[in-house]
Amino acid sequence: MLVAFFDSKGLIHYEFVPTGQTVNATFYLELLKSNLTITADRYVQQLQRVQEKLHEKRPALVNRNNVILLHDDARPHTARVTQEKILELGWSVLPHPPYSPDLAPTDYHLFCSLQNFLNGKTFNSEEQVSQAVENFFQSKPTTSYKEGIDKLPEGWEKIIHNSGEYIIN
């Protein structure tokens, strides 16, 4: 599974959660969209690593305590320990309706693009998958991250007009 954090200026941090059984890109992409293997403790550790990357890449953002996190409402994200960590980091969470994956830019923007990049490719090892994902991130123009965030209001409107139903692009 892949977890990615980005802002309008580009990728902040990403990491793989080990699965031990990934050889086919299609199967791997199914895992990318799953939160089944992330616990709240693991997510809190990831948030700490994101904070460290923010200090490196976006110190002005961290120094202003102006980090706004948009994540879904998966159990690890709503756990008490996670909420405490977010409070400790001085971050805010952008609220949104429960069970609305269309609102997360990683779901409809970043991972959709990654899926297109990986479609039809087969890998013999997790290292090959990791390298392909690294190549994807390196090839992505930084403007695409801003475009994904800028599309949020449009996505929200589509969901509202679709009575809250999941939108498949």
Checked against (1) crowded, with 16+ Cβ neighbours inside 10 Å; (2) closer than 23 Å to ALA132 by Cα; (3) at pLDDT 85 or above, LYS9 satisfies every condition except (1)
Any hit, region 79-94, residues being among the aromatic types (Phe, Trp, Tyr), closer than 29 Å to ILE160 by Cβ, outside any helix (DSSP H, G or I) and at pLDDT 80 or above: yes
Quick test of your reading of the structure: ASP107 fulfils all but one of (1) at pLDDT below 85; (2) open to solvent by 80 Å² or more (accessible area, probe 1.4 Å). Name the failing condition by number. (2)
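The values are calculated or read from the model by the stated rules, or taken from the named source; none is laboratory data. Remember, predicted model here, so these are calculated numbers, not experimental data. Neighbour counts run over all protein chains shown; Cβ positions are idealised from the backbone, glycine included. The protein model used for the area step is the full one, side chains on, heavy atoms only, and it has no ligands, DNA or RNA in it. Shrake-Rupley method; radii C 1.70, N 1.55, O 1.52, S 1.80 Å.
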